[in-house]
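Undergrad: What follows is a single structure, and I will ask about it in a moment.
What follows is calculated from the coordinates using simple rules that are stated; it is not laboratory data. Computed from a predicted model, the values in this text were never measured in an experiment. Using ideal geometry, Cβ is built from the backbone for each residue, glycine included, and neighbour counts are taken over all protein chains shown.
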Amino acid sequence: MKWILAVISIIFLAQPVSAGEFLLSLGGGPQPDSKQNNKTFGVDYSFKTFEKSYRQHIDIGVSYTEVSTDAEESKHLRAFSIYPQLNLYPRQRSWGQPYFFVRALGPSYISSNQLGNRRQDNNFSFQAQVGYGARINWKSKEDLVLMVSWKHFSNANLFDDNDGIDMPFVINFGVKI
C-alpha cells in the first residue's frame, strides 16, 4: 500500500495546480446478485488531458473512494486508484457540453478484500466507471462538471475470488481548475 500511496502522491504533487478537474462523488444503490446496499463518497482529480480530437479526450487522474454497506459484517472499505478516462463528445457545442465517459482498468488498492458478502482475493483491484457527463458554461467557460455513472471495483478475474463491488448510481460534481 505504501508504494501505491507514494506513486499517487508524486503524480498529484508533480502537476501544476492550474491544470485539471476536481470532482466530488456521492452515490450508491443495491449490489447486484446480493441483498446488500452500498453507499459511496469520493474525490477525483484529473490532472492530465490528451486531446486526440475535439470529440475524443483521454483524462488521467487519481481517485479516493469510500464504500460502506448495510451488511452485517465487513461494512467499510477505501480505494485508492489511478485511472484513464475516455471522454466522447458529440459534434455540436452547446451551453452544457454533453459527453459519454468510460474509466476502465484503473489499478486500485482496496483497504479490505471483503465488503459485506462480496469478496476479492486480495487488496488489488481495478476501478471501472461508465456514465454520462456535461460541462456547463459558467463565467463564459466550461468550468462546471456534472456526471452520472455506475462505479465498479473488481480484479478482472485475475484471481479466484472476484465478487465485484458496485455502486449503481453515482453523481459527480466538480470544477475545472
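Undergrad: Gaussian network model of the chain, Cα springs within a sub-10 Å range: biggest mean-square fluctuation belongs to which of 50, 100, 80?
TA: Highest fluctuation of the listed residues: 50.
Undergrad: Once every DSSP H run of n ≥ 4 in the chain is given -39500 (n - 2.57) and the sum is divided by its residues, what mean residue ellipticity at 222 nm do you get, rounded to the nearest 500 deg cm²/dmol? Present the calculation step by step, with values, prior to reporting the outcome.
TA: Working: 1 runs with 12 residues, N = 177.
For the chain, the value works out to -2000 deg cm²/dmol.
Undergrad: Please check which bits of the stretch 147-161 a label hung off residue 121 would reach, taking the label as a point 7 Å along Cα-to-C-beta and the cut-off as backbone N under 17 Å.
TA: 153-161
Undergrad: Could you identify which residue out of 30, 84, 107 has the top mean-square fluctuation in a GNM of the chain using Cα springs shorter than 10 Å?
TA: Its mean-square fluctuation being the largest, the pick is 30.
Undergrad: Averaging sequence separations of C-alpha pairs under 8 Å and six or more residues apart, then dividing by the length of the chain, give the relative contact order as a whole percent. Can you show the working numbers first?
TA: Details: 482 pairs, mean separation 37.7, N = 177.
After rounding, I find 21 percent.
Undergrad: How much net charge surrounds residue 105 when only other residues with a Cβ under 15 Å from its Cβ are counted (Lys, Arg +1; Asp, Glu -1)? If you can, show how the numbers build up before the last one.
TA: Numbers: positive: 103, 151; negative: 59.
Combined, the nearby Lys, Arg, Asp and Glu give +1.
Undergrad: How high is the FRET efficiency between residue 91 and residue 132 when r is their beta carbon distance and R₀ equals 25 Å, given to the nearest 0.05? Write out the running numbers ahead of the final one.
TA: Values: r = 17 Å, r/R0 = 0.67.
In this case the efficiency is close to 0.90.
Undergrad: Once the Cα atoms of helix 2-13 and of the chain are each reduced to a long axis, what angle between those two axes, in degrees from 0 to 90 to the nearest 10, is obtained?
TA: On a 0 to 90 degree scale, this one is about 10.
Undergrad: What does the net charge come to around residue 49 if you take all other residues with beta carbon closer than 11 Å to its beta carbon, with K and R at +1 and D and E at -1? Could the numbers behind the result be given before it?
TA: On the way: positive: 48, 52, 176; negative: 21, 51, 59.
Residues close to residue 49 contribute a combined charge of 0.
Undergrad: Counting Lys +1, Arg +1, Asp -1, Glu -1, what net charge surrounds residue 157 among other residues with beta carbon under 14 Å of its beta carbon?
TA: Working: positive: 119; negative: 121, 160, 161, 163.
Computed value for this residue: -3.
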